[in-house]
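The values are calculated or read from the model by the stated rules, or taken from the named source; none is laboratory data. Values in this document were obtained by computation on a predicted structure and should not be read as measured data. Cβ atoms come from the backbone with ideal geometry, glycine included; neighbour counts cover every protein chain shown. SASA here: full protein model, heavy atoms, side chains in, ligands and nucleic acids out. Shrake-Rupley method; radii C 1.70, N 1.55, O 1.52, S 1.80 Å.
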Amino acid sequence: MARWYIIHAYSGFENKVRDSIIAEAERLGLSDAVEAVEVPTETVTEVKRGKKVQTERKFMPGYVLAKLTLTDDVYHLVKNTPKVTGFLGSGQKPQPISEREAARYFGGVEEAKAAPKKHVNVDYEIGDSVKVLDGPFASFNGVVEELDFDKQKVKVSVSIFGRATPVELDFEQVELVK
């Protein structure tokens, strides 16, 4: 019976490890024992230069999930794959993870594909000087006072007629002044 296993790989080589395991399994006629090999990723929205950009990010860097019927041949195939340091588990025996735990990793992946997470990276932080790009305060400069990642809003203190006035804007409406 096939179970999910976590394979530890060199960070940055997860996709290469996945492709190598699948290709080697086909070459050795072990495709039936290697049901699936996945690199869990998530879609993250970042704000760069005032624009929203969606990027794929590895959900578990340095790890690959594989649904395997673990025979000696499959074990050696995975262990001898370049850039693989081994299976996750105690001692010499690989420990499978439950279907529920595997679903949790892929649940995160499916959610990310269905609706991108509210996980936004901005290239400015509290106290930084920013320039307002659009809206009624376009071309005003101000200082970031607050960041609200849930609402994807930034509160900027701009000087209007010599008075500091807090203004709430979307993340992509401002950019860092360099």
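Remarks
- Of all residues in region 1-42, those that are more than 18 Å from L65 (Cβ to Cβ) and either touching a helix residue (DSSP H, G or I) at 6+ places or on another chain (Cβ under 8 Å) or surrounded by 20 or more Cβ atoms within 10 Å (Cβ to Cβ) (or both) total 1.
- Pick from region 58-79, criterion touching a residue at least 60 places away in the same chain (Cβ under 8 Å) and part of a strand (DSSP E or B), ranking: farthest from E38 (Cα to Cα): L68
- Among the residues of region 26-57, the one identified as under 23 Å from P94 (Cα atoms), in a loop (DSSP other than H, G, I, E, B) and of a type in the set (D, E, K, R) is D32.
- Applying the criterion of being assigned to a strand (DSSP E or B) and open to solvent by 40 Å² or more (accessible area, probe 1.4 Å) to the residues of region 148-159, the residue that is farthest from G135 (Cα to Cα) is D148.
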